[in-house]
1. What number of residues in region 85-128 are modelled with pLDDT of 85 or more and either of a type in the set (Ser, Thr, Tyr) or in a helix (DSSP H, G or I) (or both)?
2. Please work out which residue is farthest from residue 98 (Cα to Cα), limiting yourself to region 43-58 and to residues that are aliphatic (A, V, I, L, M) and within 15 Å of the chain's Cα centre (by Cα).
3. Going by the structure shown, is residue 61 surrounded by 15 or more Cβ atoms within 10 Å (Cβ to Cβ) and aliphatic (A, V, I, L, M)?
4. Check 40, 33 and return the single one that is outside any strand (DSSP E or B), buried (at least 17 other Cβ atoms within 10 Å of the Cβ) and not basic (Lys, Arg).
5. So residue 110 clears everything in (1) open to solvent by less than 30 Å² (accessible area, probe 1.4 Å); (2) within 13 Å of the chain's Cα centre (by Cα) except one condition, right? Which one?
6. Scan 184, 163 and give me the residue that is crowded, with 16+ Cβ neighbours inside 10 Å and among the aromatic types (Phe, Trp, Tyr).
7. What helices (runs of 4 or more DSSP H), lying completely within region 140-249, carry at least 1 residues that are modelled with pLDDT under 85 and within 19 Å of residue 117 (Cα to Cα)?
Amino acid sequence: MAQESLERYLTALRSFPQWFRNLDPLNEEIRLFNKVGMLFNLGRDSHGRTVVLFRPRVLNVLDTERATLRHQMRQAMLLLETTIEKEETQINGYVAIADYEAISLKLLSMWPFADVSNAADNLFHSLPVRFQEIHAIGVPRFFKIFADLVLSCMSEKIRNRVYCHKSLDDAMKHLELSLLTTDYEGGTQNPDQLTEDFIKCAERKRTQLLLMNEMDIDTSRYQFGGQQKTVVSEIEAGMVGSFKKLNVD
């Protein structure tokens, strides 16, 4: 199982170089996203789980050519690669908080269906991430079609760990408030400091990150997105025009 997990992870890196290669924290595009505050590593909760915060609304200020899904996936991979090597993270896993309040229709143009399908398929089946909880906050009606696509990429086990909250107030009942940034009621962490800490951490690991470019594997054993192509086709037709988890439970 450990060998298969590693093989699927390396296959993902090889199959989608636009997302996983050249994760250089000194790259101009990556530096821009590091500073914009789209992703935060909030640290560990009382259960030892690594808590990450995704805030796509900050992308509203960027033009669509500079805020594509490719950019967002590269940012997510940078966060993953700077946190996953710790054994406590591998065992206790992650809690993901996705705050969709105040996002605009403009963001839909950044997320083509096929790319969203491949990204979700990789995230939930190929990468070494143990999702213990996923909290989606304020998902707007126009975003539901993407939410359904992402859910279709999850195993039943992970879907049972997804919590959708109509509002931030409702979500706060289920989160450790002190971990949140100060722009949330009850939050204690300075977002600018978290951003600075993340940038420094990525730069310290730059050599290790660039060594990922030298990893290679025969990808013929694994195929990505096959099951999801049907889902994507059905969704598009209706419109106008693993990583295999190492269980330690």
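1. 8
2. We begin by selecting, within region 43-58, every residue aliphatic (A, V, I, L, M); these are 51-53, 58.
When the remaining residues are screened for being within 15 Å of the chain's Cα centre (by Cα), the result is 51-53.
Numbers: 51: 11, 52: 9, 53: 6 Å.
Checking each candidate, the answer is 51.
3. Details: surrounded by 15 or more Cβ atoms within 10 Å (Cβ to Cβ): no; aliphatic (A, V, I, L, M): yes.
Answer is no for this residue.
4. Details: 40 fails: outside any strand (DSSP E or B).
Checking each option against the conditions leaves just 33.
5. (2)
6. Working: 163 fails: crowded, with 16+ Cβ neighbours inside 10 Å.
Only one candidate qualifies: 184.
7. Numbers: elements: 144-152, 156-159, 168-172, 191-204, 206-211, 226-237.
So the answer is 144-152, 226-237.
The values are calculated or read from the model by the stated rules, or taken from the named source; none is laboratory data. Here the structure is a predicted model, which means the values were calculated and not measured. As a convention, Cβ positions derive from the backbone with ideal geometry for all residues, glycine included, and neighbour counts pool all protein chains shown. We work out accessible area using only protein heavy atoms, side chains counted, and drop any ligands, DNA or RNA first. Shrake-Rupley method; radii C 1.70, N 1.55, O 1.52, S 1.80 Å.
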